[in-house]
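Asker: I have a structure I would like to understand better, so I am pasting it below and will then ask my questions one at a time.
The values are calculated or read from the model by the stated rules, or taken from the named source; none is laboratory data. As the structure is a computational prediction, the values presented were derived from the model and not from experiment. Heads up, the Cβs are rebuilt from the backbone with ideal geometry, glycines too, and the neighbour counts pull from every protein chain shown. Note: accessible area is taken over every heavy atom of the protein model, side chains too, but ligands, DNA and RNA are not part of it. Shrake-Rupley method; radii C 1.70, N 1.55, O 1.52, S 1.80 Å.
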Amino acid sequence: MGSIVLSGRQLQRPLSSLCRSCSRRLLPRLSRSYAAVSSQQPDIYDVVCVGGGPAGLSLLTALRSNPTTAGLRVALVEAQDLEKVRSWKLPPDRFSNRCSSLTPASAQFLDNVGAWAHLHRDRVQPYHEMQVWDGVTDARIEFEWTPPAAGKTIAYMTENLNLTSGLLRRIDELGGVTVFNSARVAGISFGEETEDLDLREWPVVHLASGQRLAARLLVGADGANSPVRAFAGIESRGWDYERHGVVATLELEGEGWGGDAMKIAYQRFLPTGPVAMLPLPGNLSTLVWSTTPANAALLKSLSPKDFVALVNAAFRLRPVDLEYMHTISSGQEEELAWRLQHTQFNRRAIPQTVVGVQDGTIASFPLKMRHADTYIGERVALVGDAAHSIHPLAGQGLNQGQGDVESLARTIEFSVSHGQDLGTRMSLESYNSERYGPNHVLLGVCDKLHKIYSAGSGPLVPLRSLGLSAINALGPVKSFFMEQAAGNGIKLF
Amino acid sequence: MPPRIKPALLRQLRYLHLPSSPSPVRCTSSFPSRSFSATTASASASASHSSPNSTSPNSTFTTVSPDEVSHFNALASSWWDPQGPSRILHLMNPLRHDFIRSCRSSVLDVPPPPSNNLKYLDIGCGGGIFAESAARLPTTASVTAIDPSPEVLSVAKAHAKRDPALRSKLTYLNTPIENLPVPSTPQDGYDIVSIFEVIEHVPYPADFLDRCAPFVKPGGWLVLSTIARTWLSWVTTNLVAEDLLRIVPKGTHDWRKYINEEEMKTYFLQKRAQWTEPRCMGVVYVPGLGWKEVPGSEKVGNYFFAVRKVPDTA
Ligand SMILES: Cc1cc2nc3c(=O)[nH]c(=O)nc-3n(C[C@H](O)[C@H](O)[C@H](O)COP(=O)(O)OP(=O)(O)OC[C@H]3O[C@@H](n4cnc5c(N)ncnc54)[C@H](O)[C@@H]3O)c2cc1C
Ligand SMILES: C[S@@+](CC[C@H](N)C(=O)[O-])C[C@H]1O[C@@H](n2cnc3c(N)ncnc32)[C@H](O)[C@@H]1O
């Protein structure tokens, strides 16, 4: 591991936020050759971001691309090897299984910070229609756009690696981020008081290499098990869903019922959880199937043809038939062929038939809902999954993180332009108040949706078909949902 | 309301006949105030303070009221507690920079005055809320910040140690303005001399401002904030903010010392030469929302005021 200086430019750039004398003293240690020299004093940064996932990389891009905040000394600490992200490349017909649907609001933000142009745009798939229905009652929420909005993009399906590698390229272009690559945070403590400096309230990040980074603001973009959150003593509350999200890259019989110009996202609520198929370029789609850990284990153990059959079954069969298909350890393909002869459905209201699954793309993740008590502390801010984990049924996890980052970057910009110490809780208050409420509402809505639809029978079932029909009948409510899905309603995400 | 000024206030309120004079602006002009623009204070304004004598040497003259210094000494320890009694000053601070920026960019000098390497003098800096923030701006060369209260100043110094960015830019001095050496040439003066929320704590404001004025560089700005003396400001700052909501520590304000914006203008533009381009911005504190600019509110409550020292004509 080492301290990689992305560009020599920061040696000349004005260090507005740190005084000249101390930045002179600190600058030599930025370069690799000095990294091994152990020192008494930690290196001093304005912002130390732990975590180089979508949230952390977006934050650094936003700070570096804004002239007001470009003078800040910023560092990134990432445990994984970012070289692998930077050099990520797949053939045009192969897609990663970790995809997210980016709302137009997220895409706009990424464009504003100059990152959108660095994504492989031919691998990004916009979609224009959503089909959502209840697997038990068959009630549908009709999500197609009414004529004025027809053709409007609901969201952009994007591989997470396409996003993060694009962000890295943009950061390389901007320069000035000190990257501690493949560097695990070994511990976080508070600084010390010396004769002329009192860093007792400054977090100091200790790296495994022995390097220490003092942070005016320590940002936890370090995912659901955030060490920064633990350091700040911020509780994160919630529950595990006892569900896993199974993902895979699927090959379909065609480009979709609407062709390339009118791509459709599908989601069916099953008693075990929602199954979603989201369009990728050409005849590819990505699967996100929330189901029990046992079902997830079965899905991962099946042969490709039986896996494909079970996915097709998930969008077609009645829940009891589908349940039966999970009890056999193989032979799903034949089972499905036989059962389909006895099942009624409208072919054009469900996704086209899956014909294959790309090698090595079937994987699963445990699902949970968590919300930190607050996103800020003295000299600490949390963004992305460090602050909240959401059920993937609305495809909002990554978008919430982008919303956080946009707000935090704006908060930091305000502090810098008004001479405030950007790390103090007082300076961070507006970030917390802007983001906490909207995220909380969304976490709650997705949690309730999951709970309402995971019952296979009982009093909730008739109620919820009423619910879906009611949503359909109530135009304004429905457009609220649609606007939220696209991230351009009242600014919730 | 601190007990020491309550009787006087009641007297003044009786004098106002509030019901028959609905306009706050007219109210303010209808009762006697201390004579702000004169060098000697009227006896009624502040009998407890000795009258200053502007001709006496610095060693005996003082702009400082001992009561005020002990009041702020007592507040020193909580100055930087964001939830503490000074929260409202912290919240006001960003507006000060917006106001200064708008003043500086409003003049049409050719060539435009330099916007970098600015020198600030912050008079009555308190714990350093404004002084620190000014020093952090990349456009600032230096900030000299002074306050007569020793306890408040040691809090300011200790707090500045927490930020390495301040070390080379910010200097604190525990002194009243009358003991600070006047710049030897006008060009050695300061680009911005700030006096935020201080003048209402000074017994003889005209004398005080006379001492501050020579520190402003030609073309530089004197910027201050204070509260207008109206029945509304009495209700909001003394009754509501201090007594009912307790968002401002009790005894912070002596309403009789408030000065209106009109009086400020008269002082600088009619009674003194050298000043030009008066600017004013009225601000209102809305609980839950913070400070908001409200045009016209300078007549009734908190306001910012700035004047520019006439630039040297080369
Ligand atoms: C099955 C599934 C499907 C999903 N689908 C969608 C979707 O359709 N749309 C959507 O918007 N979201 C989706 N999400 C959510 C989305 O993937 C996450 O919200 C997003 O990745 C969070 O980004 P982040 O940057 O906050 O955290 P992460 O991506 O978790 O990044 C955290 C980073 O911190 C680093 N790190 C952690 N600890 C340390 C340490 N001690 N030292 C150094 N570095 C450290 C990690 O290596 C990692 O790189 C889905 C999630 C799942 C599980
Ligand atoms: C309400 S505080 C304002 C502090 C600071 N300017 C701010 O707004 O953040 C008033 C300050 O004025 C100081 N003060 C009182 N009398 C003064 C005088 N005559 N000259 C200079 N400062 C004075 C007090 O010590 C106190 O710190």
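Asker: Would you pick out the residues in region B:218-230 that are farther than 16 Å from B:Cys280 by Cβ and crowded, with 22+ Cβ neighbours inside 10 Å? Before the answer, list the steps.
Answerer: The initial filter retains those residues of region B:218-230 that are farther than 16 Å from B:Cys280 by Cβ, namely B:218-220.
Scanning region B:218-230 gives a single hit, B:Gly220.
Asker: With respect to the numbered conditions (1) assigned to a strand (DSSP E or B); (2) within 14 Å of another protein chain (Cβ to nearest Cβ); (3) of a type in the set (S, T, N, Q), which one is the sole condition not fulfilled by A:Ser415?
Answerer: Failing condition for A:Ser415: (1).
Asker: Suppose we filter region B:148-173 for residues that are over 24 Å from A:Arg379 (Cα atoms) and either at the interface with chain A (Cβ under 9 Å from one of its Cβ atoms) or in contact with a Lys or Arg (Cβ under 9 Å, 6 or more places away or on another chain) (or both); how many remain?
Answerer: 1
Asker: Here's another thing I want to ask about it. Could we say that A:Ala363 is more than 16 Å from ligand 2 (Cβ to nearest atom) and surrounded by 20 or more Cβ atoms within 10 Å (Cβ to Cβ) here? Even if it seems obvious, please write down each step before you answer.
Answerer: Values: more than 16 Å from ligand 2 (Cβ to nearest atom): yes; surrounded by 20 or more Cβ atoms within 10 Å (Cβ to Cβ): no.
Criteria not met by A:Ala363.
Asker: Same structure, new question: Give, as residue ranges, the strands (runs of 3 or more DSSP E) completely inside region A:168-224 that count at least 3 residues that are small (Gly, Ala, Ser) and buried (at least 16 other Cβ atoms within 10 Å of the Cβ).
Answerer: Working: elements: A:177-181, A:185-190, A:203-207, A:212-220.
Filter on region A:168-224 gives A:212-220.
Asker: For region A:322-340, indicate whether the set of residues that are within 16 Å of ligand 1 (Cβ to nearest atom) and either outside any loop (DSSP other than H, G, I, E, B) or touching a Leu at 6+ places or on another chain (Cβ under 9 Å) (or both) is non-empty.
Answerer: Of all residues in region A:322-340, those within 16 Å of ligand 1 (Cβ to nearest atom) come to none.
No, region A:322-340 contains no residue that is within 16 Å of ligand 1 (Cβ to nearest atom) and either outside any loop (DSSP other than H, G, I, E, B) or touching a Leu at 6+ places or on another chain (Cβ under 9 Å) (or both).
Asker: Moving to a separate point now. Output the residue which, of all residues in region B:185-215 that are at pLDDT below 95 and touching a helix residue (DSSP H, G or I) at 6+ places or on another chain (Cβ under 6 Å), is farthest from ligand 1 (Cβ to nearest atom).
Answerer: B:Pro205
Asker: Sticking with this structure for a sec: Contact list please: Cβ distance under 8 Å, first residue in region A:418-429 and open to solvent by less than 10 Å² (accessible area, probe 1.4 Å), second residue of a type in the set (Lys, Arg), pairs at least six apart or on different chains.
Answerer: Taking only residues 6 or more apart or on different chains, the pairs are A:Gly419/B:Arg136; A:Leu422/A:Arg216; A:Gly423/A:Arg216; A:Gly423/A:Arg379.
Asker: Can you tell me which condition B:Arg101 does not meet? The list is (1) under 20 Å from the mean Cα position of the chain (by Cα); (2) in contact (Cβ under 8 Å) with a residue 12 or more places away in the chain; (3) within 12 Å of chain A (Cβ to nearest Cβ), and all the others hold.
Answerer: Looking at each condition in turn, B:Arg101 falls short on (2).
Asker: Moving on to the next point. If A:Ser87 passes every condition in (1) in contact with a helix residue (DSSP H, G or I) (Cβ under 6 Å, 6 or more places away or on another chain); (2) among the polar types (S, T, N, Q); (3) more than 13 Å from ligand 1 (Cβ to nearest atom) but one, which one does it miss?
Answerer: (1)
Asker: Please return the ranges of helices (runs of 4 or more DSSP H) entirely within region A:11-114 where 2 or more residues are modelled with pLDDT under 95, outside the structural domain of A:Gly384 (by TED's automatic domain parsing) and of a type outside the set (Lys, Arg).
Answerer: Working: elements: A:20-26, A:54-65, A:82-86, A:104-112.
Here the list reads A:104-112.
Asker: Which pairs turn up if I take residues in region A:356-380 that are of a type in the set (Asp, Glu) and look for partners that are crowded, with 16+ Cβ neighbours inside 10 Å with beta carbon separation below 8 Å, at least 6 apart in sequence or on another chain?
Answerer: So the pair list comes out as A:Asp373/A:Ile234; A:Asp373/A:Ser236; A:Glu378/A:Gly423; A:Glu378/A:Thr424; A:Glu378/A:Arg425.
Asker: Sort out for me the strands (runs of 3 or more DSSP E) sitting completely within region A:262-302 that have 1 or more residues that are open to solvent by less than 30 Å² (accessible area, probe 1.4 Å) and modelled with pLDDT of 95 or more. If you could, list the steps in order and put the result at the bottom.
Answerer: Working: elements: A:264-270, A:273-279, A:284-291.
Filter on region A:262-302 gives A:273-279, A:284-291.
Asker: Could you say which residue among A:Arg229, A:Arg237 is more than 9 Å from ligand 1 (Cβ to nearest atom), more than 14 Å from chain B (Cβ to nearest Cβ) and out of contact with any Ser or Thr (no Cβ under 8 Å at 6 or more places or on another chain)?
Answerer: Answer to the check: A:Arg237.
Asker: When you go through B:Thr226, B:Thr236 one by one, which is the residue that is more than 14 Å from every other protein chain (Cβ to nearest Cβ) and at pLDDT below 90? If you could, list the steps in order and put the result at the bottom.
Answerer: Details: B:Thr226 fails: at pLDDT below 90.
Among B:Thr226, B:Thr236, only B:Thr236 is more than 14 Å from every other protein chain (Cβ to nearest Cβ) and at pLDDT below 90.
Asker: Related question: So which residues in region B:116-133 are free of Cβ contacts under 8 Å to residues at least 40 places away in the same chain and within 11 Å of chain A (Cβ to nearest Cβ)?
Answerer: In the first step, residues of region B:116-133 are kept if they are free of Cβ contacts under 8 Å to residues at least 40 places away in the same chain; the result is B:116-117, B:132.
Listed by number, the residues that qualify are B:Asn116, B:Glu132.
Asker: Now, a different point. crowded, with 21+ Cβ neighbours inside 10 Å and of a type in the set (Lys, Arg) - does that describe any residue in region A:135-149?
Answerer: no
Asker: On to the next question. Out of region B:161-192, which residues are under 15 Å from B:Gly220 (Cα atoms) and either aromatic (Phe, Trp, Tyr) or surrounded by 21 or more Cβ atoms within 10 Å (Cβ to Cβ) (or both)?
Answerer: Residues satisfying the conditions are B:Gly189, B:Tyr190, B:Asp191, B:Ile192.
Asker: Okay, moving on. Checking the structure you have, find out if any residue of region B:57-79 is part of a loop (DSSP other than H, G, I, E, B) and within 11 Å of another protein chain (Cβ to nearest Cβ).
Answerer: No, region B:57-79 contains no residue that is part of a loop (DSSP other than H, G, I, E, B) and within 11 Å of another protein chain (Cβ to nearest Cβ).
Asker: Do we have A:Asp421 as of a type outside the set (A, V, I, L, M), in the same structural domain as A:Phe231 (by TED's automatic domain parsing) and out of contact with any His (no Cβ under 6 Å at 6 or more places or on another chain) here? Walk me through it before giving the result.
Answerer: Numbers: of a type outside the set (A, V, I, L, M): yes; in the same structural domain as A:Phe231 (by TED's automatic domain parsing): yes; out of contact with any His (no Cβ under 6 Å at 6 or more places or on another chain): yes.
Yes, satisfied.
Asker: Also, quick follow-up: How many of the residues in region A:389-402 are open to solvent by less than 10 Å² (accessible area, probe 1.4 Å) and either of a type in the set (Val, Ile, Thr) or modelled with pLDDT of 95 or more (or both)?
Answerer: Summing the residues that are open to solvent by less than 10 Å² (accessible area, probe 1.4 Å) and either of a type in the set (Val, Ile, Thr) or modelled with pLDDT of 95 or more (or both) in region A:389-402 gives 2.
Asker: Which of the residues spanning region B:134-147 are surrounded by 23 or more Cβ atoms within 10 Å (Cβ to Cβ) and either within 19 Å of B:Val202 (Cβ to Cβ) or facing chain A (nearest Cβ under 8 Å) (or both)?
Answerer: Step one: of region B:134-147, the residues surrounded by 23 or more Cβ atoms within 10 Å (Cβ to Cβ) are B:134-136, B:143, B:145, B:147.
Result: B:Ala134, B:Ala135, B:Arg136, B:Ala145, B:Asp147.
Asker: So A:Val355 clears everything in (1) modelled with pLDDT of 95 or more; (2) part of a strand (DSSP E or B); (3) open to solvent by less than 70 Å² (accessible area, probe 1.4 Å) except one condition, right? Which one?
Answerer: The single condition A:Val355 does not satisfy is (3).
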